[in-house]
Amino acid sequence: VAFNLRFWQREYWPSLEWVSHVNRLDLPVNPWPLSPGDASLLRQYYRKIPEYFDIEPATKAGIVISMRFHGLVFAAQLGIPAIGLCYDPKCKRWLDEIGKSEWGLSLQEPTKLSDVIQEVIDLQAYERERLSSVRQDYITNTHALVTQAIELFESVSNAKSRNQKNILGRGLLWVGRK
């Protein structure tokens, strides 16, 4: 398990309880800081914490548990099932978008972790395959959007160059008025 926590002071949340539940999973836990603040928090509970961001804990994990949005996105890119500790709506929206809203837990729900982990373990092979398909869909959609953007840019550029003299001439006439 690659495990990410971050400082969050806008509401009370039981970070020690989350750590306790993660440690009781009977799975190897690799703390995974995505920022210096994450490392500082994780050092309160674990000894070996990377000083800088490193993707390696996620690549070696079978499951990611992340409070950070980017941890959830990295996990999906790697084809690794992820559980979100949803402190912010963007985390829940992401999990909704990839079809796993039930894997988004509120900060007040650490007791639900073991049930969700069991579901992730039971579906792990299927989810890896499904996430690979989701990733490919995003790549395809991104290529299509980039192509559309380039075509739009080129059409605007061509229109500008055709009309540039006309527009420039009108601008000079306007500026020259008294």
Flag if TYR45 is farther than 17 Å from LEU72 by Cα and exposed (fewer than 15 other Cβ atoms within 10 Å of the Cβ): no
Options TYR138, TYR126: the member that is modelled with pLDDT of 90 or more, of a type in the set (Phe, Trp, Tyr) and in a helix (DSSP H, G or I): TYR126
Residue that is touching a residue at least 40 places away in the same chain (Cβ under 8 Å) and open to solvent by 50 Å² or more (accessible area, probe 1.4 Å), where the choices are ARG93, ARG128: ARG128
Residue match in segment 20-36 (condition: under 12 Å from the mean Cα position of the chain (by Cα) and under 26 Å from ARG130 (Cα atoms)): yes
Among (1) surrounded by 14 or more Cβ atoms within 10 Å (Cβ to Cβ); (2) within 27 Å of THR142 (Cα to Cα); (3) of a type outside the set (Phe, Trp, Tyr) - the single one ASP38 does not satisfy: (2)
Search result, residues across segment 64-78 that are open to solvent by 10 Å² or more (accessible area, probe 1.4 Å) and outside any helix (DSSP H, G or I): ARG68
Candidates SER101, SER157, filtered to the one that is open to solvent by less than 60 Å² (accessible area, probe 1.4 Å), polar (S, T, N, Q), free of Cβ contacts under 8 Å to residues at least 40 places away in the same chain and farther than 28 Å from ASP26 by Cβ: SER157
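The values are calculated or read from the model by the stated rules, or taken from the named source; none is laboratory data. Since the model is a prediction, treat every value here as computed from it, not as a measurement. As a convention, Cβ positions derive from the backbone with ideal geometry for all residues, glycine included, and neighbour counts pool all protein chains shown. Ligands, DNA and RNA are stripped out before the accessible areas are found, and what is left, the full protein with its side chains, is counted by its heavy atoms. Shrake-Rupley method; radii C 1.70, N 1.55, O 1.52, S 1.80 Å.
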